[in-house]
1. Could you look through region 146-161, keep only residues that are part of a strand (DSSP E or B) and of a type outside the set (A, V, I, L, M, F, W, C), and pick out the one that is farthest from the chain's Cα centre (by Cα)?
2. Within the bounds of region 162-178, is there any residue that is in contact with a Leu (Cβ under 8 Å, 6 or more places away or on another chain), in contact (Cβ under 8 Å) with a residue 60 or more places away in the chain and under 22 Å from Q65 (Cβ atoms)?
3. Identify all residues within region 149-164 that are within 13 Å of A138 (Cβ to Cβ) and among the small types (G, A, S); write none if there are none.
4. Looking at region 100-140 only, could you name the residues that are among the acidic types (D, E) and part of a helix (DSSP H, G or I)?
5. Return yes when D189 is buried (at least 17 other Cβ atoms within 10 Å of the Cβ) and over 16 Å from F84 (Cβ atoms) and no when it is not.
6. The conditions are (1) under 23 Å from Y154 (Cβ atoms); (2) at pLDDT 85 or above; (3) of a type in the set (G, A, S), and G66 fails exactly one of them. Which is it?
7. Exactly one of (1) surrounded by 15 or more Cβ atoms within 10 Å (Cβ to Cβ); (2) more than 14 Å from F195 (Cα to Cα) is unmet by F141. Its number?
8. Do we have any residue at all in region 162-175 that's surrounded by 12 or more Cβ atoms within 10 Å (Cβ to Cβ), modelled with pLDDT of 90 or more and within 21 Å of F89 (Cα to Cα)?
Amino acid sequence: MVNISNLPTATPESVWAILQEVAQSQKETDKLIKDMRKETAQSQKEFDQRMKEIQKTVGGISNNQGAFAEEYFFNSFEKGKKNFFGEKFDEISKHLKNRWKGLEDEYDIVLYNHAAVALIEVKYKAHTKDVSSVLKKAETFRILFPNYKDFKIYLGLASMSFYPELEQECIEQGIAVIKQVGDTVIVNDANVKVF
């Protein structure tokens, strides 16, 4: 229990002095909070900048891998005999793009002859979600390149790496599986269908 007889008597001057101390303490607290917010904002800005740099680096690595895979498969098709899907192809193109009425698409490798077109989507490491985008390529190609609307269209997915479920999904959908095995490109087009 506090003995109030020992407490000094409060005077207007002592109360005023206490209030000034509290006000000064509040100013110091406010300054500390303001400084901490500045430091936090600066740290967040530095963190955001580092994250952008990391994303750029990772994106660059991914783009380089994709470019490597596209070049590898393009060169394999160009230098090798162009007999796939039961067809002999005379011409080959890469990075074919077109846009029309809000529709836009890009085709990594395109093989042509007088009656057929083969659209090859290239991925460094393909996934099952890529199968639906490959299937859509036949539809968009007919719209974006109407000169080929009556041509047979074959689809292929080329990847440096395939896992069994992906390969099976491609086969079931009638998409050719094109993969690297050692120094060789293997084309499994036994179940390919015309789109």
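The values are calculated or read from the model by the stated rules, or taken from the named source; none is laboratory data. In this text, all values refer to a predicted model and were calculated from it rather than measured experimentally. Virtual Cβ from ideal backbone geometry, glycine too; neighbours counted across all protein chains shown.
1. K152
2. Yes: one or more hits.
3. If the condition is that a residue be within 13 Å of A138 (Cβ to Cβ) and among the small types (G, A, S), then G156 is the only one that fits.
4. D130, E139
5. no
6. Failing condition for G66: (2).
7. The number of the failed condition is (2).
8. Yes, because at least one residue in region 162-175 is surrounded by 12 or more Cβ atoms within 10 Å (Cβ to Cβ), modelled with pLDDT of 90 or more and within 21 Å of F89 (Cα to Cα).
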